[in-house]
Amino acid sequence: MTYSALFIFFCAALLFGHRRWLVLSRRRKFRYRTAGTLLTQPEAIFYNGLAEALRGEWTIAMKVRIADLLAPNEFSSRRYRSAFYQVSNKHVDFVLLNKQFKAVAAIELDDRSHARADRQLRDRIVEHALATAGLPLIRVKVQQRYRWLAILRAVHDATTVGKCSTLLTQGVALQWLHVGNGLARVGCTQIKEQ
């Protein structure tokens, strides 16, 4: 009796292993191609302008998954998983990193799609997650031309507490006074260029 049970167990293990091997071998046969550019054209325009305006003050990371930025602050494994899955498939357009590569602020570009109900729900989830973690979110409306002074002020407000920003004292903002008619938002505060 024990030999037959052992034989059945061995056959089941062999069958399961063979089936698993077939599944894995089929997965390996998928073919991939590059997805093209990482950024959309509006994102690329904004990134290039932001990189020039910041002048190396911060490192700019692109398309960062929120689950790579934040960890759920939940103690039960069930709540932890629920919180993780709520943000695991969402990303922010840009993240500003300090010299130690620690995230200091996130930037979202808002195009027309952010007016849709499903995107507004997604935006509320992202805003809540970032706010509870204490990571500032700067929302910028997609435009043809940006007011970099307003955006630099938003970056300054988001990344400093009671400090004089080197961004605004090195003449960087003054050089961008002539650009566009933009608007940047930090949290719920509108910041307009004067």
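Can you confirm whether segment 101-112 contains a residue that is over 15 Å from residue 63 (Cα atoms), at pLDDT below 90 and not basic (Lys, Arg)?
Yes, segment 101-112 has at least one match.
From 126, 172, 179, which residue is at pLDDT below 50, closer than 25 Å to residue 102 by Cβ and aliphatic (A, V, I, L, M)?
Criteria check complete, one pass: 172.
Within segment 86-97, can one find any residue that is over 20 Å from residue 50 (Cα atoms), surrounded by fewer than 18 Cβ atoms within 10 Å (Cβ to Cβ) and not polar (S, T, N, Q)?
Yes, that holds for at least one residue.
List pairs: first in segment 49-72 and more than 12 Å from residue 97 (Cα to Cα), second crowded, with 18+ Cβ neighbours inside 10 Å and among the acidic types (Asp, Glu), Cβ under 7 Å, 6+ apart or cross-chain?
Going by the 7 Å Cβ cut-off, the qualifying pairs are 63/93.
Going through segment 49-88 one residue at a time, which ones are of a type in the set (D, E, K, R) and either part of a helix (DSSP H, G or I) or modelled with pLDDT of 90 or more (or both)?
52, 63, 65, 68, 78, 79, 81
What's the total number of residues in segment 52-80 that are of a type in the set (Gly, Ala, Ser), surrounded by 14 or more Cβ atoms within 10 Å (Cβ to Cβ) and under 29 Å from residue 144 (Cα atoms)?
Residues that pass the stated criteria total 2.
The values are calculated or read from the model by the stated rules, or taken from the named source; none is laboratory data. Predicted model only: the values in this text are computed from it and were never measured. All Cβ positions, glycine included, derive from the backbone under ideal geometry; neighbour counts span all protein chains shown.
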